[in-house]
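Asks: The following block contains the structure, expressed as structure tokens.
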Amino acid sequence: MHAVILAGGKGVRLRPYTTALPKPLVPIGDQHAILEIVMRQLAGAGFTSCTLAIGHLGHIIRAYVGDGSQWGLDVDYTTEESPLGTMGPLLTMTDRLPERFLVMNGDVLTDLDFGDVLRDHTVSGAPLTIATYPRRVSIDFGVLTTEAGRVVGFAEKPSMDYRVSMGVYGVSRTALDRYTPGLPLGFDELVLDLLADGTPPNAYEFDGYWLDIGRPDDYDRANAEFAIRRDLLIKGA
């Protein structure tokens with residue numbers, strides 16, 4: 001099994017932590033970087049190879065990861081010279097990717113079974129599988145429904161339940177065939193095109209531990225929780 005890790009972003013929302021380090025290498029706990037945890041998890045889930053899509057401070061990631069042999073992975077790299085969006089980097093490497101592969105952000109902290117996501121994607125036959133997570137948003141105001149200048153409905157501080165993308169995907173190469181290498185391609189554009197074509201993505205629903213380390217308070221939470229979740233996230237380490 002093969003994985004692509006998207007690790008080329010500047011991590012602007014996580015500054016000042018990412019001033020000198022790329023976001024996937026910010027430390028979690030006393031000993032581990034986020035990317036190290038991900039690499040250990042991929043190897044433990046049965047992955048044998050990985051491509052790192054790097055850009056901002058990519059030389060530091062390359063020096064840290066090397067060839068991946070320390071985790072039992074065969075790692076290669078692709079460099080993003082200019083921003084290509086979430087899915088754009090994949091278009092530059094399709095000739096060296098298997099028919100089905102995993103794609104994930106390099107800053108995701110989760111106990112999701114990455115191997116099971118890819119297996120589920122393969123069985124589904126869908127062009128894209130999106131790992132999803134439940135979220136609830138509480139509205140702090142009374143919400144009105146209006147028609148023709150009249151209030152026809154009211155809800156006092158309602159809550160909304162929905163599922164969000166975890167930043168982990170199963171991808172088939174055929175889903176990328178229509179797009180031009182070197183041009184930006186966002187996750188949103190890919191999903192909307194698949195829906196318009198009548199080939200909707202498969203949803204892999206997950207309810208375990210997931211934290212997208214995008215902001216300083218998310219990073220602080222990850223460090224605060226790591227001691228009690230270490231064995232869950234790094235099994236056998």
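Asks: Tell me the per residue accessible area of the chain using a 1.4 Å probe; a whole number in Å² is fine.
Replies: Details: 11770 Å² over 237 residues.
Each residue of the chain exposes 50 Å² on average to a 1.4 Å probe.
Asks: Within the chain, what is the longest stretch that has no chymotrypsin sites (Phe, Trp or Tyr not before Pro) placed in a DSSP loop and near at most 14 other beta-carbon atoms within 10 Å?
Replies: 1-140
Asks: Label points 7 Å out from Cα along the Cβ direction at R230 and T199: separation in nm?
Replies: Inter-label distance under the simple model: 4.6 nm.
Asks: Here's another thing I want to ask about it. Given the stretch 76-232, report the % of alpha carbon pairs whose separation exceeds 20 Å.
Replies: 61 percent
Asks: Another question, then. How about the stretch 42-138: which GluC sites (Glu not before Pro) there are in a DSSP loop, with at most 16 other Cβ atoms within 10 Å of their Cβ?
Replies: Working: sites: E80, E81, E99; in loops: E80, E81, E99.
Those that pass, being in a loop and sparsely packed, are E81, E99.
Asks: Here's another thing I want to ask about it. Near the amide H of V164, under 5 Å away, which other amide H atoms are found, from residues 5 or more places off or on another chain, if H is placed in the peptide plane?
Replies: Those lying under 5 Å, H to H, from V164 are Y133, R135.
Asks: Something else now. Rounded to whole Hz and in sequence order, give me ³J(HN,Hα) for the stretch 170-185 from the Karplus expression 6.51 cos²θ - 1.76 cosθ + 1.60, θ = phi - 60°, writing x for Gly and Pro.
Replies: 3J(HN,Hα) across the stretch 170-185, in whole Hz: x, 10, 9, 4, 4, 5, 9, 4, 7, 9, 9, x, x, 9, x, 9.
Asks: So, counting K/R as plus one and D/E as minus one, what does the shell of residues with Cβ under 15 Å around D111 add up to?
Replies: Within the 15 Å Cβ shell, the charges total -3.
Asks: Cut-off 10 angstrom, C-alpha nodes, Gaussian network model of the chain. Which of V164, V103, V65 fluctuates the most?
Replies: Fluctuation is largest for V164.
Asks: Identify the trypsin sites (Lys or Arg not before Pro) of the stretch 121-188 meeting these criteria: DSSP loop state and at most 15 other C-beta atoms within 10 Å of the C-beta.
Replies: R178
Asks: What are the semi-axes of the equivalent ellipsoid of the stretch 29-96, taken as the square roots of 5 times the eigenvalues of the Cα gyration tensor, listed largest first and rounded to whole Å?
Replies: On the way: eigenvalues 90, 46, 23 Å².
Working from the Cα gyration tensor, I get semi-axes of 21, 15, 11 Å.
Asks: While we're looking at this one, here's another question. Out of the total accessible area of the chain (probe 1.4 Å, heavy atoms of protein only), what percent is carbon and sulfur?
Replies: 51 percent
Asks: Quick one: Kirkwood hydrodynamic radius for the stretch 5-164, alpha-carbon pairs, angstrom, one decimal?
Replies: About 18.3 Å for the stretch 5-164.
Asks: Right, something else. Where both residues lie in the chain, what percent of DSSP beta bridges are antiparallel, nearest 5?
Replies: About 55 percent, rounded to the nearest 5.
Asks: Taking θ as phi - 60°, what are the ³J(HN,Hα) couplings along the stretch 84-97 by the Karplus curve (6.51, -1.76, 1.60), each to the nearest whole Hz, with x for Gly and Pro?
Replies: For the stretch 84-97, the Karplus curve yields 10, x, 5, 9, x, x, 5, 5, 8, 9, 4, 6, 10, 9 Hz.
The values are calculated or read from the model by the stated rules, or taken from the named source; none is laboratory data. In this text the structure is predicted, and so the values were computed from the model without any measurement. Reconstructed Cβ throughout: ideal geometry from the backbone, glycine too, with neighbour counts over all protein chains shown. Side chains included, ligands, DNA and RNA excluded: accessible areas come from the protein's heavy atoms. Shrake-Rupley method; radii C 1.70, N 1.55, O 1.52, S 1.80 Å.
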